[in-house]
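One structure below.
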Amino acid sequence: MKETYVRDLRANQIIVSAFLVQSKELRVKKSGESYLSLALADKTGEVDAKMWENVDEFHSLFERDDFIKVKGAVQVFRNRPQITLHKLKKLEDREVDLADFFPRSARDSEEMWRELTGVIEGMNNRHLQALLKKILSNPEIAARLKLAPAAKSLHHAFLGGLLEHVLSLCRLAKLVVQNYSGIDIDLLLSGIVLHDLGKVYELSYSRSFSYTTEGQLLGHMILEIEIVHRALATLPDFPRSLQTLIEHLIISHHGQYEFGSPKLPMFPEALMLHYLDDMDSKIQGMQSILERDSMVEGEWTGYLPSLGRPLLKMRKFVEEGASAPSLSPTQTVRDVIPAAAPQQGAVSGAAAPALPGGVPAAQVYTAPPDTAAPNRVQQLPLSPVPTEEELEHKIQKLREKYHSPERTANPKLPTAP
């Protein structure tokens, strides 16, 4: 039984526990000495680890995808736990329980498979139903789909994650189509089942999650098209127009060119597939990050490059806000904010103009005093508005400045755009 999981790590904690090495890099300090940078994982998540001392003694003892037992101290770096390693040793597979190290869907894979086959059985379009049945009857694809993650790290990055993601989209689709007329639900469901199916070959998940050579070279969209074409070769009466729609669903589901989509979604079912896929992946990814960072201090996670933002830990924010002092039903802002002492020359007291609620203006804001004359409110001069002739004169001066012969002859000087 593993001693400590990633989700249990706390600042200033000394741990002795086993982890799977997700990545291993030998780096160089500014001093020229080497240090080890590792990503360690178990079924509850991943944590960065650094070994600063005695690197030569331990570096050759293990490789990526090995199991190691470590002793170290937990610190918080950039709002994330990090382990400073003191000692480590390699473990053999027989010394660990593999179930401790590989994150897996909370749902049973066979139960999810039965739900998916039920979705396909409920379709009315016999051509689409036949295509999906043909593909999923392939024993290799079926076995891989029950096990594959939906991504390497961004969302549903656990065993069974791809199947869980597909079923989540199926349920979302059945809800959303109730709000729009004319949506072909069978076509949309077919796109959902097929849109990421190539990931069963794109990703390697026998030990750590990574990309296969085929996945790196081709990507999951090309692999999906190949899967579809092999199945269609056995279905000669499958309509060519329907094949084109299926292919478009696959190659447009990323939604934008900059997201790796060869085509933009060009009919409602394709657009709906993109937005449902995008929403489900981002929400699940956010939930995983917030769960992972729930024990780290602060109301915000660190900056997440994948999402382009930090995330608010809303529950912690609400809980801490509930304990903060608040106004009683009879208090107003002027009861809790002390009034500023009136300055000479400023309007104050009963003669001051009142703001809504009866708060005198002088109690809300008083201009900073002039340091040279502390008893007089500083008056900030206003710049006069230039006339049309003055503006034209300034523009002419700028033209002469940036288009002068001196600047034209000297390329190092900036010129006007």
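The values are calculated or read from the model by the stated rules, or taken from the named source; none is laboratory data. Every value quoted in this text rests on a predicted model; they were computed, and no experiment measured them. Glycine also receives a Cβ, built like all others from the backbone with ideal geometry; neighbour counts cover every protein chain displayed.
Quick notes on this one:
- Scanning the stretch 233-243 for residues that are of a type in the set (A, V, I, L, M, F, W, C) and farther than 18 Å from ILE192 by Cα yields ALA233, LEU235, PHE238.
- Residue match in the stretch 53-73 (condition: in contact with a helix residue (DSSP H, G or I) (Cβ under 6 Å, 6 or more places away or on another chain) and assigned to a helix (DSSP H, G or I)): no
- Of the residues making up the stretch 227-242, those that are under 28 Å from GLU140 (Cβ atoms) and free of Cβ contacts under 8 Å to residues at least 12 places away in the same chain are HIS229, ARG230, ALA233, PRO236, ARG240.
- Reported count of residues in the stretch 7-32, each being touching a helix residue (DSSP H, G or I) at 6+ places or on another chain (Cβ under 8 Å) and surrounded by fewer than 19 Cβ atoms within 10 Å (Cβ to Cβ), is 2.
- Of all residues in the stretch 308-336, those being at pLDDT below 80 and assigned to a loop (DSSP other than H, G, I, E, B) number 10.
- Candidate set: the stretch 18-77, residues that are free of Cβ contacts under 8 Å to residues at least 12 places away in the same chain and hydroxyl-bearing (Ser, Thr, Tyr); chosen: the one farthest from LYS2 (Cα to Cα): SER31
- GLU25 in the same structural domain as GLY72 (by TED's automatic domain parsing), modelled with pLDDT under 90 and in a strand (DSSP E or B): no
- Test: GLU247 is of a type in the set (Asp, Glu), loosely packed, with under 12 Cβ neighbours inside 10 Å and either free of Cβ contacts under 8 Å to residues at least 40 places away in the same chain or not in a helix (DSSP H, G or I) (or both): no
Results for (1) among the aliphatic types (A, V, I, L, M); (2) in contact (Cβ under 8 Å) with a residue 24 or more places away in the chain; (3) outside any helix (DSSP H, G or I), shown as yes or no for each residue.
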site: GLY255; (1), (2), (3): no, no, yes
site: LYS263; (1), (2), (3): no, no, yes
site: LEU273; (1), (2), (3): yes, yes, no
site: GLN284; (1), (2), (3): no, yes, no
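- Candidates LEU132, LEU147, filtered to the one that is surrounded by 20 or more Cβ atoms within 10 Å (Cβ to Cβ) and either touching a residue at least 12 places away in the same chain (Cβ under 8 Å) or touching a strand residue (DSSP E or B) at 6+ places or on another chain (Cβ under 8 Å) (or both): LEU132
- Cβ-Cβ contacts under 8 Å between residues 6 or more apart (or on different chains), taken from a first residue in the stretch 103-118 that is in a helix (DSSP H, G or I) to a second residue that is surrounded by fewer than 17 Cβ atoms within 10 Å (Cβ to Cβ) and of a type in the set (A, V, I, L, M), are listed as TRP113/ALA142.
- Of all residues making up the stretch 33-57, the number that are small (Gly, Ala, Ser) and buried (at least 17 other Cβ atoms within 10 Å of the Cβ): 4
- For the stretch 78-102, taking the residues that are without any contact (Cβ under 8 Å) to a residue 60 or more places away in the chain and in a strand (DSSP E or B), the one that is nearest to the chain's Cα centre (by Cα) is identified as GLN82.
- The residues in the stretch 40-75 that are charged (D, E, K, R) and over 11 Å from LEU20 (Cα atoms) can be counted, and the count is 6.
- Failed condition for GLU202, given (1) surrounded by fewer than 21 Cβ atoms within 10 Å (Cβ to Cβ); (2) within 30 Å of THR44 (Cβ to Cβ); (3) over 20 Å from the mean Cα position of the chain (by Cα): (1)
- For the stretch 90-129, a residue qualifies if it is surrounded by 13 or more Cβ atoms within 10 Å (Cβ to Cβ) and of a type in the set (Lys, Arg), and the qualifying residues are LYS90, ARG104, ARG107.
- Test: GLU140 is of a type in the set (D, E, K, R) and either modelled with pLDDT of 95 or more or touching a Leu at 6+ places or on another chain (Cβ under 7 Å) (or both): no
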